[in-house]
Amino acid sequence: MPLLLLITQTLDTPLFDENIDGDTGNDGAHWHSHWVVLTPNEECGPGALSVRDIPKGETPQMPATWPGVPMFLDSPSYTPYFDGPTISINVALAASDAAKIDTAAYDGVTAALRVNADLHAPLACVTDVFDVASGDLSLPGKVD
């Protein structure tokens, strides 16, 4: 399953107060990151992807920064850095975890997520792909 870094500008900041004013509900003007697991999902359209739902009754092991929504989404508060056409993000990993992803590859995609009112309709479909950094989703990015 692909793992996607989702950099968003939303009001969804349940764990952190990005503007440090004591209110986690008003941070929508600040960019923050989410990690999601994508999976093929024909309910979103032919060949489409969605954020992987957590079926009712299942309790998978999730990171401490998981915001409690019924999908594979994490809100670890890694800050994205914007430098011209480049976006980078630094993630500190234990050596044992870093070794697990040393062959990982990624690409940059600008797309829309359609969020459904029904939590399992599926909850979030990837729609309207606007741009792919490599031009062909060849995953040329490597973990340094």
ask   = Is there a residue in the range 59-75 that is under 24 Å from Glu43 (Cα atoms), modelled with pLDDT of 75 or more and open to solvent by 60 Å² or more (accessible area, probe 1.4 Å)?
value = yes
ask   = Quick one: what pairs do we get from the range 62-81, first residue more than 19 Å from Ile20 (Cα to Cα), second open to solvent by 30 Å² or more (accessible area, probe 1.4 Å) and among the basic types (Lys, Arg), C-beta under 7 Å, 6+ apart or different chains?
value = Met71/Arg52; Phe72/Arg52
task = Could you grab me the full set of residues in the range 90-104 that are under 17 Å from the mean Cα position of the chain (by Cα) and either in a helix (DSSP H, G or I) or more than 16 Å from Pro76 (Cβ to Cβ) (or both)?
result = Ala104
note = Those residues of the range 78-89 which are assigned to a loop (DSSP other than H, G, I, E, B) and either open to solvent by less than 50 Å² (accessible area, probe 1.4 Å) or closer than 24 Å to Val126 by Cβ (or both) amount to Tyr78, Thr79, Pro85
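The values are calculated or read from the model by the stated rules, or taken from the named source; none is laboratory data. Model, not experiment: these values are computed from the prediction. Using ideal geometry, Cβ is built from the backbone for each residue, glycine included, and neighbour counts are taken over all protein chains shown. Side chains included, ligands, DNA and RNA excluded: accessible areas come from the protein's heavy atoms. Shrake-Rupley method; radii C 1.70, N 1.55, O 1.52, S 1.80 Å.
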